[in-house]
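Remarks on the structure that follows.
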Amino acid sequence: MRNSFHPTTAKDYNRARRLRHDPSKFEQRLWFALREVSVATKLKFRRQQPIHPYIADFACMKAKLLIELDGDSHDGRQIYDQRRYDYLRQQGYTLLRINNDEIKDNLSGVVEMIIARAKTLTSVNPPHQENLSEFLK
(Lines give C-alpha, C1' and ligand atoms only; values in the text may rest on other atoms or scores of the structure.)
Protein backbone atom coordinates (compact mmCIF):
# COMPACT_ATOMS: atom_id res chain seq x y z
CA MET A 1 0.00 0.00 0.00
CA ARG A 2 1.46 3.32 -0.99
CA ASN A 3 1.82 6.24 1.36
CA SER A 4 1.95 9.73 -0.15
CA PHE A 5 4.77 10.76 2.20
CA HIS A 6 6.86 7.63 1.72
CA PRO A 7 6.00 5.98 -1.58
CA THR A 8 7.30 2.48 -2.12
CA THR A 9 10.11 2.67 -4.64
CA ALA A 10 11.41 0.41 -7.37
CA LYS A 11 14.40 -0.23 -5.10
CA ASP A 12 12.01 -1.54 -2.41
CA TYR A 13 10.33 -3.90 -4.87
CA ASN A 14 13.68 -5.17 -6.17
CA ARG A 15 14.89 -5.83 -2.62
CA ALA A 16 11.65 -7.67 -1.81
CA ARG A 17 12.03 -9.77 -4.96
CA ARG A 18 15.56 -10.77 -3.89
CA LEU A 19 14.29 -11.72 -0.43
CA ARG A 20 11.51 -13.85 -1.93
CA HIS A 21 14.09 -15.83 -3.89
CA ASP A 22 16.12 -16.65 -0.77
CA PRO A 23 13.67 -17.46 2.05
CA SER A 24 14.73 -18.97 5.35
CA LYS A 25 13.42 -22.48 6.04
CA PHE A 26 10.97 -20.99 8.54
CA GLU A 27 9.64 -18.46 6.01
CA GLN A 28 9.26 -21.26 3.51
CA ARG A 29 7.32 -23.50 5.93
CA LEU A 30 4.99 -20.68 6.97
CA TRP A 31 4.46 -19.57 3.37
CA PHE A 32 3.42 -23.06 2.24
CA ALA A 33 1.02 -23.37 5.21
CA LEU A 34 -0.52 -19.94 4.61
CA ARG A 35 -1.00 -20.73 0.93
CA GLU A 36 -2.81 -23.93 1.85
CA VAL A 37 -5.33 -22.22 4.15
CA SER A 38 -5.80 -19.11 2.03
CA VAL A 39 -8.30 -20.83 -0.25
CA ALA A 40 -10.48 -22.00 2.64
CA THR A 41 -10.29 -18.70 4.52
CA LYS A 42 -10.50 -16.39 1.50
CA LEU A 43 -7.54 -14.43 2.86
CA LYS A 44 -4.63 -13.60 0.59
CA PHE A 45 -1.13 -13.41 1.96
CA ARG A 46 1.93 -11.88 0.35
CA ARG A 47 5.57 -12.60 1.01
CA GLN A 48 8.16 -9.87 1.45
CA GLN A 49 5.66 -7.04 1.10
CA PRO A 50 7.34 -3.62 0.68
CA ILE A 51 5.93 -0.83 2.82
CA HIS A 52 8.51 1.90 2.37
CA PRO A 53 10.99 2.07 3.92
CA TYR A 54 10.45 -1.44 5.30
CA ILE A 55 9.64 -4.90 3.98
CA ALA A 56 7.30 -7.18 5.93
CA ASP A 57 7.96 -10.92 5.89
CA PHE A 58 4.26 -11.63 5.27
CA ALA A 59 1.20 -9.44 4.82
CA CYS A 60 -2.53 -9.83 4.61
CA MET A 61 -3.42 -6.50 3.04
CA LYS A 62 -7.18 -6.99 3.44
CA ALA A 63 -6.68 -7.16 7.23
CA LYS A 64 -3.72 -4.74 7.27
CA LEU A 65 -1.89 -7.49 9.16
CA LEU A 66 1.87 -7.88 8.93
CA ILE A 67 3.69 -10.98 10.15
CA GLU A 68 7.34 -10.80 11.10
CA LEU A 69 9.44 -13.86 11.84
CA ASP A 70 11.97 -13.37 14.58
CA GLY A 71 15.16 -15.34 14.32
CA ASP A 72 18.85 -14.67 14.65
CA SER A 73 18.67 -11.68 12.30
CA HIS A 74 16.71 -9.73 14.95
CA ASP A 75 19.27 -10.23 17.74
CA GLY A 76 20.61 -6.87 18.88
CA ARG A 77 18.14 -4.90 16.73
CA GLN A 78 15.58 -3.96 19.38
CA ILE A 79 15.78 -0.20 18.74
CA TYR A 80 15.46 -0.65 14.97
CA ASP A 81 12.60 -3.13 15.41
CA GLN A 82 10.76 -0.77 17.77
CA ARG A 83 11.11 2.16 15.37
CA ARG A 84 9.87 -0.05 12.54
CA TYR A 85 6.93 -1.31 14.63
CA ASP A 86 5.95 2.26 15.59
CA TYR A 87 6.07 3.43 11.97
CA LEU A 88 3.99 0.53 10.66
CA ARG A 89 1.38 1.01 13.41
CA GLN A 90 1.14 4.69 12.43
CA GLN A 91 0.37 3.51 8.89
CA GLY A 92 -2.57 1.50 10.24
CA TYR A 93 -1.02 -1.96 10.29
CA THR A 94 -1.19 -4.57 13.01
CA LEU A 95 2.08 -6.44 13.49
CA LEU A 96 2.43 -10.03 14.68
CA ARG A 97 5.90 -11.17 15.66
CA ILE A 98 6.49 -14.89 15.58
CA ASN A 99 9.60 -16.63 16.78
CA ASN A 100 11.12 -19.21 14.43
CA ASP A 101 10.93 -21.81 17.23
CA GLU A 102 7.14 -21.44 17.27
CA ILE A 103 7.03 -22.32 13.58
CA LYS A 104 9.32 -25.28 14.12
CA ASP A 105 7.38 -26.60 17.15
CA ASN A 106 3.78 -25.59 16.42
CA LEU A 107 3.21 -24.57 12.80
CA SER A 108 -0.51 -25.39 12.81
CA GLY A 109 -1.03 -23.34 15.98
CA VAL A 110 0.83 -20.40 14.47
CA VAL A 111 -1.26 -20.55 11.29
CA GLU A 112 -4.48 -20.78 13.30
CA MET A 113 -3.43 -17.73 15.34
CA ILE A 114 -2.60 -15.74 12.18
CA ILE A 115 -5.89 -16.66 10.51
CA ALA A 116 -7.90 -15.86 13.64
CA ARG A 117 -6.22 -12.46 13.95
CA ALA A 118 -6.74 -11.66 10.26
CA LYS A 119 -10.40 -12.68 10.47
CA THR A 120 -10.86 -10.50 13.56
CA LEU A 121 -9.27 -7.54 11.80
CA THR A 122 -11.52 -7.99 8.77
CA SER A 123 -14.61 -8.40 11.01
CA VAL A 124 -15.34 -11.88 9.72
CA ASN A 125 -16.04 -14.77 12.07
CA PRO A 126 -12.91 -16.84 12.76
CA PRO A 127 -12.82 -20.19 10.98
CA HIS A 128 -13.52 -23.38 12.89
CA GLN A 129 -10.36 -25.08 14.07
CA GLU A 130 -11.30 -28.43 12.58
CA ASN A 131 -11.65 -26.88 9.11
CA LEU A 132 -8.09 -25.54 9.22
CA SER A 133 -6.54 -28.75 10.53
CA GLU A 134 -7.35 -30.66 7.33
CA PHE A 135 -5.29 -28.13 5.32
CA LEU A 136 -2.30 -28.31 7.69
CA LYS A 137 -1.65 -32.06 7.56
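Some points to look at:
- Against the criterion of being at pLDDT below 95, basic (K, R) and over 24 Å from D105 (Cα atoms), R47 does not qualify.
- Selection count, segment 44-70, where residues are crowded, with 22+ Cβ neighbours inside 10 Å, in a loop (DSSP other than H, G, I, E, B) and not small (G, A, S): 1
- Out of S133, S73, sole residue that is under 28 Å from A10 (Cα atoms), surrounded by fewer than 19 Cβ atoms within 10 Å (Cβ to Cβ), among the hydroxyl-bearing types (S, T, Y) and modelled with pLDDT under 95: S73
- Taking the conditions (1) touching a residue at least 60 places away in the same chain (Cβ under 8 Å); (2) within 21 Å of T120 (Cα to Cα) in turn, F26 satisfies each one other than (2).
To keep it simple, each residue is scored yes or no on (1) in contact with a Lys or Arg (Cβ under 6 Å, 6 or more places away or on another chain); (2) under 19 Å from K119 (Cβ atoms); (3) modelled with pLDDT of 95 or more.
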{"position": "S4", "(1), (2), (3)": "no, no, no"}
{"position": "D12", "(1), (2), (3)": "no, no, no"}
{"position": "V37", "(1), (2), (3)": "no, yes, no"}
{"position": "I51", "(1), (2), (3)": "no, no, no"}
{"position": "D57", "(1), (2), (3)": "no, no, no"}
{"position": "C60", "(1), (2), (3)": "no, yes, yes"}
{"position": "L69", "(1), (2), (3)": "no, no, no"}
{"position": "R77", "(1), (2), (3)": "no, no, no"}
{"position": "Y87", "(1), (2), (3)": "no, no, no"}
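- Summed over segment 33-54, the residues that are in contact with a strand residue (DSSP E or B) (Cβ under 8 Å, 6 or more places away or on another chain), among the charged types (D, E, K, R) and closer than 18 Å to L121 by Cα give a count of 2.
The values are calculated or read from the model by the stated rules, or taken from the named source; none is laboratory data. On a predicted model such as this, the values are computed, not experimentally measured, just so you know. Ideal geometry is used to build each Cβ from the backbone, glycine not excepted, and the neighbour counts take in all protein chains shown.
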